[in-house]
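The next block holds one structure in the form of C-alpha coordinates; read it before the comments.
The values are calculated or read from the model by the stated rules, or taken from the named source; none is laboratory data. The shown structure was predicted, so the numbers you read here are calculated from the model rather than taken from an experiment. Counting neighbours? That spans all protein chains shown, and the Cβs are built from the backbone with ideal geometry, glycine included. Accessible surface areas use protein heavy atoms only, side chains included; no ligands, DNA or RNA. Shrake-Rupley method; radii C 1.70, N 1.55, O 1.52, S 1.80 Å.
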Amino acid sequence: MTDMTGKVALVTGAGSGIGEAVTRRFRSQGAAVGMVGRRANLLDALGNETGALPFPCDVADSAAVKQAVEELVSKCGGLDVVVNNAAIADRGRVDELDDSDWNRMVEVNLNGAFRIARETVPFLRQRGGGAIVNVSSIGGLFGALEAAAYGTTKAALLGLTRSLARDYGPDGIRVNTICPGWVDTPMTDPVVGLLMRAHGLSREEAQNKLTQFNPIRGMAAPDEVARCIEFLATDASACVTGTILMADNGQSIVDVGFIPIQMATESLEDH
(Lines give C-alpha, C1' and ligand atoms only; values in the text may rest on other atoms or scores of the structure.)
Protein backbone atom coordinates (compact mmCIF):
# COMPACT_ATOMS: atom_id res chain seq x y z
CA MET A 1 0.00 0.00 0.00
CA THR A 2 3.01 2.28 0.29
CA ASP A 3 4.44 1.58 -3.17
CA MET A 4 5.39 4.97 -4.64
CA THR A 5 6.39 3.86 -8.12
CA GLY A 6 5.60 6.64 -10.59
CA LYS A 7 5.09 9.23 -7.85
CA VAL A 8 6.99 12.50 -7.65
CA ALA A 9 7.84 13.92 -4.23
CA LEU A 10 9.37 17.13 -2.93
CA VAL A 11 11.19 17.03 0.42
CA THR A 12 12.49 20.16 2.14
CA GLY A 13 15.30 20.14 4.66
CA ALA A 14 16.50 17.04 2.81
CA GLY A 15 20.21 17.30 3.47
CA SER A 16 20.28 15.54 6.84
CA GLY A 17 18.22 14.06 9.63
CA ILE A 18 14.56 13.32 9.00
CA GLY A 19 14.61 14.90 5.55
CA GLU A 20 17.48 12.70 4.44
CA ALA A 21 15.73 9.61 5.81
CA VAL A 22 12.50 10.53 4.01
CA THR A 23 14.42 10.99 0.75
CA ARG A 24 16.03 7.58 1.10
CA ARG A 25 12.74 5.89 2.00
CA PHE A 26 10.76 7.47 -0.84
CA ARG A 27 13.47 6.52 -3.33
CA SER A 28 13.45 2.94 -2.00
CA GLN A 29 9.70 2.86 -2.67
CA GLY A 30 10.15 3.95 -6.28
CA ALA A 31 9.39 7.68 -6.13
CA ALA A 32 11.25 10.40 -7.97
CA VAL A 33 12.37 12.84 -5.29
CA GLY A 34 13.31 16.50 -5.48
CA MET A 35 15.40 17.66 -2.53
CA VAL A 36 15.29 21.24 -1.24
CA GLY A 37 17.84 22.48 1.25
CA ARG A 38 20.38 25.22 1.88
CA ARG A 39 23.51 23.02 1.88
CA ALA A 40 24.19 22.12 -1.74
CA ASN A 41 27.07 19.80 -0.86
CA LEU A 42 24.83 17.56 1.25
CA LEU A 43 22.12 17.47 -1.40
CA ASP A 44 24.64 16.65 -4.12
CA ALA A 45 26.12 13.80 -2.10
CA LEU A 46 22.71 12.34 -1.30
CA GLY A 47 21.62 12.79 -4.90
CA ASN A 48 24.67 10.97 -6.22
CA GLU A 49 23.96 8.10 -3.85
CA THR A 50 20.20 7.77 -4.28
CA GLY A 51 19.34 9.38 -7.61
CA ALA A 52 17.25 12.08 -5.96
CA LEU A 53 17.34 15.50 -7.62
CA PRO A 54 18.98 18.40 -5.72
CA PHE A 55 17.45 21.88 -5.75
CA PRO A 56 19.54 24.01 -3.40
CA CYS A 57 17.46 26.86 -2.02
CA ASP A 58 16.37 28.55 1.18
CA VAL A 59 12.65 28.16 1.88
CA ALA A 60 12.75 31.72 3.24
CA ASP A 61 13.29 32.92 -0.35
CA SER A 62 9.97 33.06 -2.23
CA ALA A 63 11.52 33.35 -5.69
CA ALA A 64 13.91 30.45 -5.06
CA VAL A 65 11.07 28.25 -3.79
CA LYS A 66 8.97 28.98 -6.85
CA GLN A 67 11.88 28.21 -9.17
CA ALA A 68 12.74 24.93 -7.40
CA VAL A 69 9.16 23.66 -7.55
CA GLU A 70 8.75 24.59 -11.21
CA GLU A 71 12.08 22.95 -12.15
CA LEU A 72 11.12 19.73 -10.36
CA VAL A 73 7.75 19.57 -12.09
CA SER A 74 9.36 20.35 -15.45
CA LYS A 75 11.90 17.54 -15.04
CA CYS A 76 9.53 14.94 -13.61
CA GLY A 77 6.22 15.83 -15.25
CA GLY A 78 4.18 16.50 -12.15
CA LEU A 79 4.01 16.37 -8.36
CA ASP A 80 2.23 14.02 -5.96
CA VAL A 81 3.76 14.36 -2.49
CA VAL A 82 5.19 17.27 -0.49
CA VAL A 83 7.06 16.99 2.82
CA ASN A 84 7.62 20.28 4.63
CA ASN A 85 10.53 19.36 6.87
CA ALA A 86 12.89 22.37 6.71
CA ALA A 87 13.39 23.96 10.12
CA ILE A 88 15.84 25.67 12.43
CA ALA A 89 15.82 25.42 16.21
CA ASP A 90 17.47 28.30 18.04
CA ARG A 91 16.88 28.55 21.78
CA GLY A 92 15.72 31.62 23.66
CA ARG A 93 12.99 33.18 25.78
CA VAL A 94 11.01 36.12 24.46
CA ASP A 95 13.12 38.69 26.31
CA GLU A 96 16.29 37.12 24.88
CA LEU A 97 15.24 37.26 21.21
CA ASP A 98 15.53 40.28 18.96
CA ASP A 99 13.40 40.86 15.87
CA SER A 100 15.98 39.19 13.65
CA ASP A 101 16.05 36.00 15.75
CA TRP A 102 12.27 35.77 15.82
CA ASN A 103 11.74 36.61 12.17
CA ARG A 104 14.31 34.12 10.93
CA MET A 105 12.57 31.28 12.78
CA VAL A 106 9.18 32.32 11.44
CA GLU A 107 10.54 32.70 7.90
CA VAL A 108 11.97 29.19 7.79
CA ASN A 109 9.73 27.07 10.04
CA LEU A 110 6.35 28.58 9.21
CA ASN A 111 6.53 30.85 6.18
CA GLY A 112 8.71 28.30 4.40
CA ALA A 113 5.97 25.69 4.70
CA PHE A 114 3.42 28.26 3.53
CA ARG A 115 5.53 29.13 0.46
CA ILE A 116 6.06 25.49 -0.46
CA ALA A 117 2.34 24.77 -0.09
CA ARG A 118 1.39 27.82 -2.15
CA GLU A 119 3.65 26.80 -5.03
CA THR A 120 2.86 23.08 -4.95
CA VAL A 121 -0.93 22.98 -4.46
CA PRO A 122 -1.65 23.91 -8.12
CA PHE A 123 0.54 21.03 -9.34
CA LEU A 124 -0.99 18.57 -6.87
CA ARG A 125 -4.41 19.64 -8.10
CA GLN A 126 -3.35 18.99 -11.70
CA ARG A 127 -2.59 15.37 -10.76
CA GLY A 128 -6.05 14.96 -9.27
CA GLY A 129 -4.80 15.19 -5.70
CA GLY A 130 -1.85 14.25 -3.54
CA ALA A 131 -0.47 14.55 -0.04
CA ILE A 132 1.28 17.21 2.00
CA VAL A 133 3.00 16.23 5.25
CA ASN A 134 4.09 19.04 7.55
CA VAL A 135 6.78 18.14 10.09
CA SER A 136 5.97 19.85 13.37
CA SER A 137 7.16 18.72 16.81
CA ILE A 138 5.81 17.85 20.23
CA GLY A 139 7.35 21.24 21.02
CA GLY A 140 4.42 22.70 19.08
CA LEU A 141 1.93 21.09 21.47
CA PHE A 142 3.63 21.61 24.81
CA GLY A 143 5.76 24.29 26.42
CA ALA A 144 9.47 23.59 25.98
CA LEU A 145 11.97 25.57 28.03
CA GLU A 146 13.52 28.58 26.27
CA ALA A 147 11.91 27.74 22.93
CA ALA A 148 9.54 30.65 22.40
CA ALA A 149 10.05 31.09 18.66
CA TYR A 150 10.53 27.41 17.85
CA GLY A 151 7.46 26.31 19.82
CA THR A 152 5.34 29.08 18.34
CA THR A 153 6.24 28.24 14.75
CA LYS A 154 5.71 24.52 15.27
CA ALA A 155 2.32 25.18 16.86
CA ALA A 156 1.35 27.42 13.95
CA LEU A 157 2.07 24.56 11.54
CA LEU A 158 -0.85 22.70 13.10
CA GLY A 159 -3.21 25.53 12.15
CA LEU A 160 -1.77 25.69 8.64
CA THR A 161 -2.29 21.95 8.29
CA ARG A 162 -5.96 22.17 9.23
CA SER A 163 -6.57 25.11 6.90
CA LEU A 164 -4.91 23.38 3.96
CA ALA A 165 -6.76 20.14 4.63
CA ARG A 166 -10.10 21.94 4.82
CA ASP A 167 -9.56 24.08 1.72
CA TYR A 168 -8.06 21.49 -0.62
CA GLY A 169 -9.72 18.26 0.45
CA PRO A 170 -12.28 18.65 -2.37
CA ASP A 171 -9.32 18.67 -4.79
CA GLY A 172 -8.14 15.30 -3.46
CA ILE A 173 -5.26 16.83 -1.51
CA ARG A 174 -4.71 15.39 1.96
CA VAL A 175 -2.68 17.40 4.48
CA ASN A 176 -1.42 16.06 7.79
CA THR A 177 1.14 16.87 10.46
CA ILE A 178 3.64 14.61 12.14
CA CYS A 179 5.00 15.58 15.56
CA PRO A 180 8.28 13.82 16.36
CA GLY A 181 9.74 13.74 19.85
CA TRP A 182 13.45 13.17 20.40
CA VAL A 183 15.03 11.92 17.17
CA ASP A 184 18.70 11.06 16.72
CA THR A 185 19.55 13.84 14.26
CA PRO A 186 22.07 16.70 14.10
CA MET A 187 19.36 19.04 15.42
CA THR A 188 19.33 17.22 18.77
CA ASP A 189 23.12 17.04 19.10
CA PRO A 190 23.44 20.30 21.10
CA VAL A 191 20.99 19.02 23.73
CA VAL A 192 22.68 15.63 23.92
CA GLY A 193 26.05 17.38 24.20
CA LEU A 194 24.74 19.54 27.03
CA LEU A 195 23.75 16.48 29.05
CA MET A 196 27.05 14.80 28.30
CA ARG A 197 28.98 17.78 29.67
CA ALA A 198 26.70 18.46 32.62
CA HIS A 199 26.56 14.88 33.89
CA GLY A 200 29.70 13.28 32.51
CA LEU A 201 27.70 10.89 30.35
CA SER A 202 28.43 9.02 27.18
CA ARG A 203 26.35 9.89 24.11
CA GLU A 204 24.16 6.83 24.57
CA GLU A 205 23.71 7.55 28.28
CA ALA A 206 22.72 11.15 27.52
CA GLN A 207 20.17 10.03 24.94
CA ASN A 208 18.73 7.55 27.41
CA LYS A 209 18.50 10.23 30.08
CA LEU A 210 16.46 12.45 27.73
CA THR A 211 13.96 9.66 27.16
CA GLN A 212 14.02 7.87 30.52
CA PHE A 213 10.35 8.55 31.25
CA ASN A 214 9.03 7.66 27.80
CA PRO A 215 6.95 4.48 27.56
CA ILE A 216 9.27 3.47 24.70
CA ARG A 217 12.79 4.32 25.87
CA GLY A 218 15.46 5.76 23.61
CA MET A 219 15.52 8.25 20.76
CA ALA A 220 13.73 7.47 17.54
CA ALA A 221 15.87 6.78 14.50
CA PRO A 222 15.29 9.12 11.55
CA ASP A 223 14.06 6.22 9.41
CA GLU A 224 11.42 5.35 12.00
CA VAL A 225 9.96 8.83 11.61
CA ALA A 226 10.36 8.58 7.84
CA ARG A 227 8.22 5.44 7.85
CA CYS A 228 5.45 7.38 9.59
CA ILE A 229 5.73 10.15 7.00
CA GLU A 230 5.60 7.51 4.26
CA PHE A 231 2.29 6.30 5.71
CA LEU A 232 0.81 9.81 5.63
CA ALA A 233 2.16 10.43 2.13
CA THR A 234 0.68 7.35 0.48
CA ASP A 235 -2.65 5.62 -0.11
CA ALA A 236 -2.09 3.67 3.11
CA SER A 237 -3.66 6.71 4.82
CA ALA A 238 -6.21 7.50 2.11
CA CYS A 239 -8.95 8.52 4.58
CA VAL A 240 -6.68 10.58 6.85
CA THR A 241 -6.46 14.37 6.58
CA GLY A 242 -6.10 17.35 8.89
CA THR A 243 -4.74 15.24 11.71
CA ILE A 244 -1.66 15.00 13.93
CA LEU A 245 0.42 11.84 14.12
CA MET A 246 2.54 11.70 17.26
CA ALA A 247 5.88 9.98 16.60
CA ASP A 248 7.44 10.53 20.01
CA ASN A 249 7.89 7.12 21.66
CA GLY A 250 4.94 8.00 23.89
CA GLN A 251 6.55 11.12 25.41
CA SER A 252 3.39 13.20 25.04
CA ILE A 253 1.20 10.81 27.06
CA VAL A 254 3.34 10.96 30.19
CA ASP A 255 1.79 12.86 33.10
CA VAL A 256 4.77 14.88 34.35
CA GLY A 257 3.05 15.41 37.70
CA PHE A 258 3.54 11.73 38.47
CA ILE A 259 7.23 11.59 37.56
CA PRO A 260 8.34 12.44 41.15
CA ILE A 261 6.11 9.61 42.39
CA GLN A 262 7.64 7.22 39.87
CA MET A 263 11.13 8.27 40.91
CA ALA A 264 10.30 7.87 44.61
CA THR A 265 8.81 4.43 44.01
CA GLU A 266 11.82 3.27 42.03
CA SER A 267 14.15 4.62 44.72
CA LEU A 268 12.33 2.65 47.46
CA GLU A 269 12.36 -0.49 45.31
CA ASP A 270 16.11 -0.15 44.81
CA HIS A 271 16.57 -0.12 48.57
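Check each of the trypsin sites (Lys or Arg not before Pro) in the range 44-96 and keep only those in coil by DSSP with at most 13 other C-beta atoms within 10 angstrom; list them in order.
Passing both the DSSP loop test and the Cβ count: R93.
What's the angle, to the nearest 10 degrees (0 to 90), between helix 111-126's Cα axis and the longest principal axis of the chain?
The two axes meet at around 40 degrees.
Under 5 Å between amide H atoms, partner at least 5 residues away or on a different chain: which partners does I173 have, H built in plane at 1.01 Å?
G130
For helix 17-28, what angle does its Cα long axis make with the longest principal axis of the chain, in degrees from 0 to 90 and rounded to 10?
Relative to the chain, helix 17-28 is tipped by roughly 50 degrees.
Which one of I261, I116, I253 has the biggest mean-square fluctuation once the chain is modelled by GNM with Cα springs under 10 Å?
Of the options given, I261 has the highest mean-square fluctuation.
Which listed residue (I88, G140, G13) has the Cα farthest towards the positive end of the charge dipole for the chain, taking +1 on Lys and Arg C-beta and -1 on Asp and Glu C-beta about the Cα centre?
Comparing the listed Cα positions along the dipole, G13 ranks first.
Using the Cα centre of the range 119-271 as the reference point, and only Cβ charges (+1 on K/R, -1 on D/E), how large is the resulting charge dipole? Debye, rounded to the nearest 20.
560
Express in nm, to one decimal, how much length is gained between D99 and V256 on full extension, taking 0.36 nm for each residue of separation and deducting their alpha carbon distance.
Gain on extension, D99 to V256, equals 53.2 nm.
Report the residue, chosen from I88, I132, I259, that carries the largest GNM mean-square fluctuation when the chain is represented by alpha-carbon nodes joined by springs under 10 Å.
The residue that fluctuates most here is I259.
Enumerate the amide H contacts of G218 below 5 Å, restricted to partners 5 or more residues apart or on another chain; note that Pro and chain-start residues carry no placed amide H.
It is T211, by chain and number.
Straight-line reach from K209: which lysines have a Cα under 29 Å away, not including same-chain ones fewer than 8 places off?
Counting by Cα, and skipping residues close in sequence, K209 has these lysines nearby: K154.
Which of the peptides 182-190, 243-251, 10-18 is most tightly packed, and how do the rest follow, judged by the mean count of other Cβ atoms within 10 Å per residue?
So the order, starting with the most tightly packed, is 10-18, 243-251, 182-190.
Say each of V240 and Q212 gets a label point 7 Å from the Cα, pointing the same way as Cα to Cβ; how far apart are those two points in nm?
3.3
For the chain, what is the relative contact order in percent, using Cα pairs closer than 8 Å and at least 6 residues apart in sequence?
19
Per 0.36 nm of contour for each residue apart, how much would the distance between R197 and R39 grow if the chain were fully extended, relative to their Cα-Cα spacing?
Between R197 and R39, full extension yields 54.0 nm more.
If I model a spin label as a point 7 Å beyond the Cα along the Cα-Cβ vector, how far apart are those points for R91 and A221 in nm?
For the pair R91/A221, the computed spacing is 2.9 nm.
Specify the angular offset, from 0 to 90 degrees and rounded to the nearest 10, of the alpha carbon long axis of helix 40-50 from the longest principal axis of the alpha carbons in the chain.
80
Amide H of M246 versus every other amide H placed in the peptide plane: which residues, excluding those fewer than 5 positions away on the same chain, fall under 5 Å?
C179
Given the C-alpha centroids of the range 1-51 and the range 150-181, what is the distance between them in whole angstrom?
That distance is 21 Å.
On a 1.4 Å probe surface of the protein chains, which of D58, D90 comes out largest in accessible area, and what is the full order?
Per-residue accessible area, sorted high to low, gives D90, D58.
Listed highest first by mean packing, meaning other Cβ atoms within 10 Å per residue, what order do 96-108, 141-153 come in?
Put in order of decreasing packing, that is 141-153, 96-108.
Please list, or write none, the aspartates and glutamates whose alpha carbon is within less than 19 Å of the alpha carbon of K66, excluding same-chain residues fewer than 8 places away.
D58, D80, E107, E119
If you roll a 1.4 Å probe over the chain with all protein chains in place, what percent of the accessible area is carbon or sulfur?
53
From the phi angles alone, apply the Karplus equation (6.51, -1.76, 1.60; θ = phi - 60°) to the range 53-66 and give each ³J(HN,Hα) in whole Hz, x where the residue is Gly or Pro.
9, x, 9, x, 6, 9, 5, 7, 9, 4, 5, 5, 4, 4
Taking the Cα centre of the chain as origin and charging only Cβ (+1 Lys, Arg; -1 Asp, Glu), how large is the dipole, in debye to the nearest 20?
On the way: 24 positive and 33 negative charges, 162 e Å.
Dipole magnitude for the chain comes out near 780 debye.
Taking a ≥ b ≥ c as the square roots of the Cα gyration tensor eigenvalues, with a/c under 1.5 meaning rounded and otherwise prolate when a/b beats b/c, else oblate, which class fits the range 1-140? Intermediate values should be presented prior to the final figure.
Numbers: a/c = 1.85, a/b = 1.63, b/c = 1.13.
Prolate.
Where does each of F123, F231 land when they are ordered by accessible area, with a 1.4 Å probe and the largest first?
Most to least solvent-accessible, the answer reads F231, F123.
222 nm [θ] for the chain, helices only, -39500 (n - 2.57) per DSSP H run of 4+, per residue, to 500?
Calculated mean residue ellipticity at 222 nm is -14500 deg cm²/dmol.
Apply the a/c threshold of 1.5 to the C-alpha gyration tensor of the range 181-271 and tell me whether it is rounded, prolate or oblate.
oblate
What is the range 26-71 by shape, rounded, prolate or oblate, if you read a ≥ b ≥ c off the alpha carbon gyration tensor as root eigenvalues and call it rounded for a/c under 1.5, prolate for a/b larger than b/c, and oblate otherwise?
Numbers: a/c = 2.90, a/b = 1.59, b/c = 1.83.
Oblate.
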